[in-house]
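The block underneath contains the structure these notes are about, expressed in C-alpha coordinates.
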Amino acid sequence: MKFEKICTDKHSAARCGVITTDHGTINTPIFMPVGTLGAVKGVYHKELKEDIKAEIILGNTYHLYLRPGLDTLYKAGGLHKFENWDRPILTDSGGFQVFSLAGIRKLTPDGCTFSSHIDGSRHTFTPENNVDTQRIIGADIMMALDECCPGDADYAYAKKSLKLTQSWLERYAKRFDETKPHYGYDQTFFPIIQGCTYTDLRRQAVEHAKQFDQAGGFAIGGLAVGEPTEVMYKVLDDVCPIMPEDKPRYLMGVGTPANILEGIARGVDMFDCVMPTRNGRNGMLFTWNGIMNMRNAKWEQDFSELDPLGTSFVDHTYTKAYLRHLFVSKEMFAGMIATEHNLAFYLDVVRQARIHIQAGDFAEWKEEAVKRVTSRL
(Lines give C-alpha, C1' and ligand atoms only; values in the text may rest on other atoms or scores of the structure.)
Protein backbone atom coordinates (compact mmCIF):
# COMPACT_ATOMS: atom_id res chain seq x y z
CA MET A 1 0.00 0.00 0.00
CA LYS A 2 1.15 3.52 -0.81
CA PHE A 3 -0.20 6.87 0.38
CA GLU A 4 0.43 10.15 -1.42
CA LYS A 5 -0.69 13.42 0.13
CA ILE A 6 -1.97 15.75 -2.58
CA CYS A 7 -2.65 18.98 -0.69
CA THR A 8 -3.53 20.51 2.67
CA ASP A 9 -6.11 23.18 3.42
CA LYS A 10 -4.67 26.61 4.16
CA HIS A 11 -6.76 27.30 7.26
CA SER A 12 -7.16 23.87 8.86
CA ALA A 13 -5.40 20.51 9.09
CA ALA A 14 -7.68 19.04 6.39
CA ARG A 15 -5.84 17.23 3.64
CA CYS A 16 -6.54 15.08 0.62
CA GLY A 17 -4.54 12.28 -0.90
CA VAL A 18 -4.55 8.95 -2.69
CA ILE A 19 -4.11 5.48 -1.23
CA THR A 20 -2.95 2.89 -3.76
CA THR A 21 -3.60 -0.81 -3.14
CA ASP A 22 -3.44 -3.89 -5.34
CA HIS A 23 -7.25 -3.76 -5.57
CA GLY A 24 -7.43 -0.13 -6.65
CA THR A 25 -6.98 3.45 -5.51
CA ILE A 26 -8.80 5.27 -2.73
CA ASN A 27 -9.21 9.04 -2.83
CA THR A 28 -9.05 10.61 0.62
CA PRO A 29 -10.81 11.81 2.62
CA ILE A 30 -12.98 8.73 2.27
CA PHE A 31 -15.98 7.12 3.93
CA MET A 32 -16.04 3.32 3.98
CA PRO A 33 -19.41 1.50 4.04
CA VAL A 34 -19.57 -1.24 6.65
CA GLY A 35 -19.98 -4.77 5.30
CA THR A 36 -19.55 -6.68 8.55
CA LEU A 37 -20.41 -10.16 7.30
CA GLY A 38 -19.30 -9.73 3.71
CA ALA A 39 -22.24 -7.57 2.63
CA VAL A 40 -23.37 -3.98 3.09
CA LYS A 41 -26.91 -4.51 4.36
CA GLY A 42 -29.55 -4.07 1.67
CA VAL A 43 -27.24 -2.92 -1.15
CA TYR A 44 -26.09 -4.72 -4.28
CA HIS A 45 -22.36 -4.46 -5.04
CA LYS A 46 -23.29 -2.99 -8.42
CA GLU A 47 -25.01 -0.10 -6.66
CA LEU A 48 -22.10 0.28 -4.23
CA LYS A 49 -19.80 0.84 -7.19
CA GLU A 50 -21.90 2.71 -9.72
CA ASP A 51 -24.40 4.69 -7.65
CA ILE A 52 -22.91 5.08 -4.18
CA LYS A 53 -19.37 5.19 -5.62
CA ALA A 54 -17.76 3.32 -2.72
CA GLU A 55 -14.01 2.93 -3.20
CA ILE A 56 -13.42 0.61 -0.23
CA ILE A 57 -15.66 -1.36 2.14
CA LEU A 58 -15.18 -3.03 5.51
CA GLY A 59 -15.39 -6.59 6.77
CA ASN A 60 -15.20 -7.69 10.39
CA THR A 61 -12.68 -10.24 11.59
CA TYR A 62 -14.67 -11.38 14.63
CA HIS A 63 -17.86 -12.06 12.69
CA LEU A 64 -16.20 -13.59 9.61
CA TYR A 65 -14.03 -15.83 11.80
CA LEU A 66 -17.16 -17.24 13.44
CA ARG A 67 -19.27 -17.39 10.26
CA PRO A 68 -18.67 -18.51 7.53
CA GLY A 69 -15.34 -19.46 9.14
CA LEU A 70 -11.75 -19.51 7.95
CA ASP A 71 -11.96 -22.84 6.14
CA THR A 72 -14.73 -21.57 3.87
CA LEU A 73 -13.01 -18.24 3.28
CA TYR A 74 -9.70 -19.89 2.44
CA LYS A 75 -11.29 -22.33 0.00
CA ALA A 76 -13.19 -19.45 -1.61
CA GLY A 77 -9.91 -17.62 -2.24
CA GLY A 78 -10.44 -14.93 0.40
CA LEU A 79 -13.18 -12.42 1.11
CA HIS A 80 -12.78 -10.53 -2.18
CA LYS A 81 -13.66 -13.60 -4.22
CA PHE A 82 -16.18 -14.92 -1.70
CA GLU A 83 -18.31 -11.78 -1.96
CA ASN A 84 -17.24 -10.88 -5.53
CA TRP A 85 -15.85 -7.45 -4.61
CA ASP A 86 -12.76 -6.42 -6.59
CA ARG A 87 -12.04 -3.13 -4.82
CA PRO A 88 -10.12 -2.65 -1.55
CA ILE A 89 -11.33 -4.14 1.75
CA LEU A 90 -10.37 -3.17 5.30
CA THR A 91 -10.94 -5.50 8.25
CA ASP A 92 -11.22 -4.57 11.90
CA SER A 93 -9.33 -6.88 14.24
CA GLY A 94 -12.51 -7.77 16.11
CA GLY A 95 -11.30 -5.89 19.18
CA PHE A 96 -14.38 -3.68 19.35
CA GLN A 97 -16.73 -6.65 19.12
CA VAL A 98 -14.83 -8.40 21.91
CA PHE A 99 -15.08 -5.18 23.94
CA SER A 100 -18.85 -5.27 23.49
CA LEU A 101 -18.90 -8.84 24.86
CA ALA A 102 -17.65 -7.65 28.26
CA GLY A 103 -19.74 -10.19 30.17
CA ILE A 104 -18.50 -13.21 28.22
CA ARG A 105 -14.82 -12.51 27.54
CA LYS A 106 -11.55 -12.60 29.48
CA LEU A 107 -8.46 -10.53 28.74
CA THR A 108 -4.97 -11.81 29.54
CA PRO A 109 -1.47 -10.78 28.45
CA ASP A 110 -1.62 -13.66 25.96
CA GLY A 111 -4.84 -12.56 24.27
CA CYS A 112 -8.60 -12.53 24.63
CA THR A 113 -10.84 -15.53 25.25
CA PHE A 114 -14.51 -15.03 24.42
CA SER A 115 -17.77 -16.88 23.91
CA SER A 116 -19.39 -16.85 20.48
CA HIS A 117 -22.59 -14.85 20.36
CA ILE A 118 -23.89 -17.51 17.94
CA ASP A 119 -23.55 -20.75 19.88
CA GLY A 120 -21.61 -19.98 23.05
CA SER A 121 -18.48 -21.83 21.90
CA ARG A 122 -15.18 -20.62 23.35
CA HIS A 123 -12.47 -19.00 21.22
CA THR A 124 -9.24 -17.09 21.75
CA PHE A 125 -7.75 -14.24 19.76
CA THR A 126 -4.02 -13.69 20.19
CA PRO A 127 -2.03 -11.14 18.19
CA GLU A 128 -0.49 -14.02 16.28
CA ASN A 129 -3.64 -15.89 15.29
CA ASN A 130 -5.35 -12.56 14.59
CA VAL A 131 -2.73 -11.86 11.93
CA ASP A 132 -3.23 -15.36 10.53
CA THR A 133 -7.00 -14.88 10.49
CA GLN A 134 -6.83 -11.58 8.61
CA ARG A 135 -4.30 -13.05 6.19
CA ILE A 136 -6.85 -15.75 5.34
CA ILE A 137 -9.67 -13.21 5.04
CA GLY A 138 -7.38 -11.35 2.67
CA ALA A 139 -8.09 -7.72 3.52
CA ASP A 140 -5.93 -5.08 1.85
CA ILE A 141 -5.76 -3.20 5.17
CA MET A 142 -5.72 -5.13 8.45
CA MET A 143 -6.20 -3.69 11.94
CA ALA A 144 -3.86 -4.75 14.74
CA LEU A 145 -5.48 -6.53 17.69
CA ASP A 146 -6.22 -4.10 20.51
CA GLU A 147 -8.32 -3.68 23.60
CA CYS A 148 -11.01 -1.08 23.03
CA CYS A 149 -10.93 0.81 26.30
CA PRO A 150 -14.31 2.04 27.66
CA GLY A 151 -14.81 5.76 27.14
CA ASP A 152 -15.42 6.36 30.85
CA ALA A 153 -12.46 4.33 32.11
CA ASP A 154 -10.39 5.84 34.92
CA TYR A 155 -6.74 6.68 34.34
CA ALA A 156 -5.37 3.57 36.01
CA TYR A 157 -7.47 1.23 33.86
CA ALA A 158 -6.74 3.20 30.67
CA LYS A 159 -3.01 3.04 31.34
CA LYS A 160 -3.13 -0.71 31.98
CA SER A 161 -5.26 -1.22 28.88
CA LEU A 162 -2.87 0.77 26.70
CA LYS A 163 0.08 -1.27 27.95
CA LEU A 164 -1.77 -4.43 26.92
CA THR A 165 -2.58 -3.01 23.48
CA GLN A 166 1.05 -1.99 22.99
CA SER A 167 2.39 -5.42 23.92
CA TRP A 168 -0.12 -7.00 21.53
CA LEU A 169 0.97 -4.59 18.78
CA GLU A 170 4.60 -5.62 19.16
CA ARG A 171 3.66 -9.28 18.77
CA TYR A 172 1.23 -8.50 15.94
CA ALA A 173 3.91 -6.65 13.96
CA LYS A 174 6.38 -9.49 14.49
CA ARG A 175 3.89 -12.08 13.27
CA PHE A 176 2.95 -9.87 10.32
CA ASP A 177 6.61 -9.80 9.25
CA GLU A 178 6.88 -13.58 9.62
CA THR A 179 3.91 -14.31 7.36
CA LYS A 180 3.02 -13.63 3.75
CA PRO A 181 -0.29 -12.97 1.96
CA HIS A 182 -2.15 -16.09 0.88
CA TYR A 183 -3.55 -14.79 -2.38
CA GLY A 184 -0.69 -13.03 -4.15
CA TYR A 185 -1.54 -9.41 -3.44
CA ASP A 186 -0.12 -6.95 -0.94
CA GLN A 187 -1.55 -6.47 2.55
CA THR A 188 -0.71 -3.89 5.19
CA PHE A 189 -1.75 -3.24 8.78
CA PHE A 190 -2.62 -0.22 10.92
CA PRO A 191 -1.81 0.01 14.63
CA ILE A 192 -4.78 1.27 16.66
CA ILE A 193 -4.15 4.29 18.85
CA GLN A 194 -5.86 3.85 22.23
CA GLY A 195 -5.54 5.69 25.55
CA CYS A 196 -9.14 6.63 26.30
CA THR A 197 -9.57 10.39 26.82
CA TYR A 198 -6.16 10.96 28.41
CA THR A 199 -3.82 13.16 26.36
CA ASP A 200 -0.57 11.72 27.68
CA LEU A 201 -1.70 8.14 27.05
CA ARG A 202 -2.88 8.92 23.54
CA ARG A 203 0.45 10.58 22.75
CA GLN A 204 2.35 7.64 24.21
CA ALA A 205 0.30 5.36 21.97
CA VAL A 206 1.22 7.38 18.87
CA GLU A 207 4.93 7.48 19.69
CA HIS A 208 4.95 3.74 20.33
CA ALA A 209 3.09 2.97 17.09
CA LYS A 210 5.39 5.17 15.00
CA GLN A 211 8.29 2.77 15.52
CA PHE A 212 6.62 0.17 13.28
CA ASP A 213 7.78 1.24 9.85
CA GLN A 214 5.92 -1.62 8.17
CA ALA A 215 2.57 -0.15 9.26
CA GLY A 216 0.69 1.37 6.35
CA GLY A 217 -1.23 3.92 8.42
CA PHE A 218 -2.69 4.65 11.84
CA ALA A 219 -6.16 4.02 13.23
CA ILE A 220 -7.63 6.06 16.08
CA GLY A 221 -9.83 3.78 18.19
CA GLY A 222 -11.80 3.98 21.40
CA LEU A 223 -13.83 7.04 20.40
CA ALA A 224 -17.57 7.27 19.77
CA VAL A 225 -17.99 4.83 22.68
CA GLY A 226 -19.87 7.20 24.96
CA GLU A 227 -17.58 10.20 25.44
CA PRO A 228 -18.89 13.73 24.62
CA THR A 229 -18.29 14.92 21.07
CA GLU A 230 -16.07 17.75 22.31
CA VAL A 231 -13.80 15.22 24.00
CA MET A 232 -13.49 13.24 20.78
CA TYR A 233 -12.46 16.38 18.92
CA LYS A 234 -9.88 17.19 21.61
CA VAL A 235 -8.34 13.73 21.25
CA LEU A 236 -8.03 14.33 17.50
CA ASP A 237 -6.46 17.73 18.18
CA ASP A 238 -3.96 15.99 20.45
CA VAL A 239 -2.95 13.06 18.25
CA CYS A 240 -3.26 14.07 14.59
CA PRO A 241 -0.48 16.71 14.67
CA ILE A 242 2.06 14.14 15.93
CA MET A 243 1.16 11.44 13.42
CA PRO A 244 3.37 11.02 10.33
CA GLU A 245 2.33 13.15 7.38
CA ASP A 246 3.07 10.39 4.90
CA LYS A 247 0.59 7.81 6.22
CA PRO A 248 -3.23 7.86 6.30
CA ARG A 249 -5.19 8.35 9.53
CA TYR A 250 -8.37 6.38 10.15
CA LEU A 251 -10.97 7.39 12.77
CA MET A 252 -12.80 4.19 13.61
CA GLY A 253 -16.59 4.02 13.90
CA VAL A 254 -17.30 7.74 13.44
CA GLY A 255 -19.93 9.00 12.85
CA THR A 256 -22.47 11.67 11.85
CA PRO A 257 -21.83 13.84 8.77
CA ALA A 258 -20.85 16.67 11.13
CA ASN A 259 -18.42 14.39 12.98
CA ILE A 260 -16.82 13.44 9.69
CA LEU A 261 -16.43 17.05 8.58
CA GLU A 262 -14.90 18.01 11.93
CA GLY A 263 -12.60 14.99 11.74
CA ILE A 264 -11.44 15.99 8.27
CA ALA A 265 -10.73 19.49 9.55
CA ARG A 266 -8.40 17.95 12.15
CA GLY A 267 -6.46 15.87 9.64
CA VAL A 268 -8.30 12.54 9.50
CA ASP A 269 -8.36 10.74 6.14
CA MET A 270 -10.61 7.67 6.58
CA PHE A 271 -13.94 7.03 8.30
CA ASP A 272 -16.47 4.25 8.76
CA CYS A 273 -19.76 3.98 10.63
CA VAL A 274 -22.93 1.90 10.66
CA MET A 275 -25.01 5.07 11.06
CA PRO A 276 -25.98 5.63 7.40
CA THR A 277 -27.18 2.03 7.05
CA ARG A 278 -28.62 1.42 10.53
CA ASN A 279 -30.33 4.80 10.80
CA GLY A 280 -31.51 4.50 7.22
CA ARG A 281 -33.27 1.22 7.97
CA ASN A 282 -35.04 3.06 10.80
CA GLY A 283 -36.28 5.91 8.64
CA MET A 284 -33.59 8.59 9.14
CA LEU A 285 -32.20 10.29 6.05
CA PHE A 286 -29.17 12.59 6.06
CA THR A 287 -29.19 15.38 3.47
CA TRP A 288 -27.45 18.66 2.68
CA ASN A 289 -30.61 20.41 3.89
CA GLY A 290 -30.74 18.54 7.21
CA ILE A 291 -32.02 15.34 8.79
CA MET A 292 -35.36 13.85 7.75
CA ASN A 293 -37.50 11.39 9.73
CA MET A 294 -39.38 9.60 6.99
CA ARG A 295 -42.04 8.27 9.36
CA ASN A 296 -43.32 11.79 10.07
CA ALA A 297 -46.85 12.57 8.93
CA LYS A 298 -45.61 15.75 7.23
CA TRP A 299 -44.35 13.64 4.32
CA GLU A 300 -47.63 11.76 3.80
CA GLN A 301 -48.67 13.76 0.73
CA ASP A 302 -45.34 15.33 -0.22
CA PHE A 303 -44.90 14.15 -3.78
CA SER A 304 -41.64 16.00 -4.38
CA GLU A 305 -38.53 13.95 -5.13
CA LEU A 306 -36.77 12.43 -2.19
CA ASP A 307 -33.72 14.72 -2.23
CA PRO A 308 -33.24 17.35 -4.95
CA LEU A 309 -29.55 17.66 -4.00
CA GLY A 310 -28.95 13.92 -3.79
CA THR A 311 -26.48 12.06 -6.00
CA SER A 312 -28.19 8.65 -5.93
CA PHE A 313 -30.76 7.58 -8.50
CA VAL A 314 -33.20 6.87 -5.64
CA ASP A 315 -33.26 10.58 -4.80
CA HIS A 316 -34.80 11.47 -8.14
CA THR A 317 -36.85 8.32 -8.72
CA TYR A 318 -38.95 8.12 -5.54
CA THR A 319 -40.95 10.70 -3.62
CA LYS A 320 -41.03 11.53 0.06
CA ALA A 321 -44.66 10.38 0.26
CA TYR A 322 -43.78 7.03 -1.31
CA LEU A 323 -40.88 6.37 1.04
CA ARG A 324 -42.97 7.31 4.07
CA HIS A 325 -45.66 4.91 2.89
CA LEU A 326 -43.10 2.12 2.63
CA PHE A 327 -41.80 2.76 6.14
CA VAL A 328 -45.18 2.89 7.85
CA SER A 329 -46.15 -0.24 5.89
CA LYS A 330 -42.97 -1.95 7.10
CA GLU A 331 -41.87 -2.77 3.58
CA MET A 332 -38.30 -4.05 3.23
CA PHE A 333 -37.82 -1.78 0.23
CA ALA A 334 -38.00 1.28 2.50
CA GLY A 335 -34.75 0.41 4.22
CA MET A 336 -33.07 -0.36 0.91
CA ILE A 337 -33.95 3.06 -0.54
CA ALA A 338 -32.94 4.90 2.62
CA THR A 339 -29.66 2.99 2.91
CA GLU A 340 -28.72 3.71 -0.68
CA HIS A 341 -29.51 7.39 -0.24
CA ASN A 342 -27.55 7.71 3.02
CA LEU A 343 -24.44 5.92 1.76
CA ALA A 344 -24.43 8.01 -1.42
CA PHE A 345 -24.78 11.13 0.71
CA TYR A 346 -21.89 10.15 3.01
CA LEU A 347 -19.68 9.55 -0.03
CA ASP A 348 -20.76 12.92 -1.40
CA VAL A 349 -19.81 14.59 1.90
CA VAL A 350 -16.21 13.40 1.69
CA ARG A 351 -16.09 14.05 -2.05
CA GLN A 352 -17.23 17.67 -1.56
CA ALA A 353 -14.73 18.05 1.28
CA ARG A 354 -11.96 16.95 -1.06
CA ILE A 355 -13.08 19.45 -3.69
CA HIS A 356 -13.00 22.31 -1.19
CA ILE A 357 -9.64 21.26 0.25
CA GLN A 358 -8.20 21.43 -3.24
CA ALA A 359 -9.94 24.76 -3.84
CA GLY A 360 -8.41 26.18 -0.66
CA ASP A 361 -11.68 27.18 1.03
CA PHE A 362 -12.45 24.07 3.08
CA ALA A 363 -12.44 25.71 6.53
CA GLU A 364 -15.01 28.34 5.55
CA TRP A 365 -17.15 25.85 3.64
CA LYS A 366 -17.04 23.34 6.52
CA GLU A 367 -18.58 25.77 9.01
CA GLU A 368 -21.62 26.30 6.82
CA ALA A 369 -21.84 22.62 5.85
CA VAL A 370 -21.97 21.51 9.49
CA LYS A 371 -24.88 23.84 10.14
CA ARG A 372 -26.73 22.49 7.13
CA VAL A 373 -26.31 18.79 7.84
CA THR A 374 -27.26 19.11 11.52
CA SER A 375 -30.53 20.99 10.98
CA ARG A 376 -33.87 19.14 11.18
CA LEU A 377 -36.44 19.07 8.40
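A few points about this structure:
- Against the chain, whose longest principal axis is taken from its Cα atoms, helix 127-137 shows a tilt of about 50°.
- Three-way shape label, region 101-255, alpha-carbon gyration tensor, a/c 1.5: oblate
- Against the chain, whose longest principal axis comes from its Cα atoms, helix 362-374 is set at around 70 degrees.
- Angle of helix 229-239 to the longest C-alpha principal axis of the chain, folded into 0 to 90 degrees and rounded to 10: 50°.
- Computing mean projected area of the Cα convex hull in nm² for the structure here picks out one of (i) 17.9; (ii) 16.4; (iii) 18.8, namely (i).
- Where only DSSP H runs of four or more residues are counted, the chain gives -12500 deg cm²/dmol as its mean residue ellipticity at 222 nm, each run worth -39500 (n - 2.57).
- The amide H of Asp272, built 1.01 Å from its N in the peptide plane, has Met32, Gly253, Val254 as neighbours under 5 Å, considering only residues 5 or more places off or on other chains.
- The stretch between Met332 and Glu4 holds 113.9 nm of extra length on full extension. This uses 0.36 nm per residue minus the Cα-Cα distance.
- Full extension of the segment from Tyr157 to Tyr44, taken as 0.36 nm per residue of separation minus the current Cα-Cα distance, would add 36.4 nm.
- One chain, two ends: His123 and Val18. Fully extended at 0.36 nm per residue, the span grows by 34.0 nm beyond their Cα-Cα distance.
- Peptides ranked, highest mean first, by Cβ atoms within 10 Å: ranges 150-156, 317-323: 317-323, 150-156
- Heavy-atom surface of the chain, accessible at 1.4 Å and reported per residue (Å²): 41
- Global form of region 108-175, assessed from the alpha-carbon gyration tensor, a/c cut-off 1.5: oblate
- Overall, the accessible surface of the chain at a probe of 1.4 angstrom is composed of carbon and sulfur to the extent of 52 percent.
- When the listed pairs Lys10/Lys163; Lys163/Lys234; Lys5/Lys49; Lys106/Lys247 are checked against a 27 Å cut-off, the alpha-carbon distance exceeds it for Lys10/Lys163; Lys106/Lys247.
- Seen from Val235, the other residues with C-beta closer than 13 Å to its C-beta sum to a net charge of -1, counting Lys and Arg as +1 and Asp and Glu as -1.
- When peptides 48-59, 303-314 are sorted by average Cβ neighbour count within 10 Å, with the highest value leading, the order is 48-59, 303-314.
The values are calculated or read from the model by the stated rules, or taken from the named source; none is laboratory data. None of the values given here were measured: they were computed from a predicted structure. Because the Cβ atoms are built from the backbone with ideal geometry, glycine has one as well, and the counts that use them run over all protein chains shown. We work out accessible area using only protein heavy atoms, side chains counted, and drop any ligands, DNA or RNA first. Shrake-Rupley method; radii C 1.70, N 1.55, O 1.52, S 1.80 Å.
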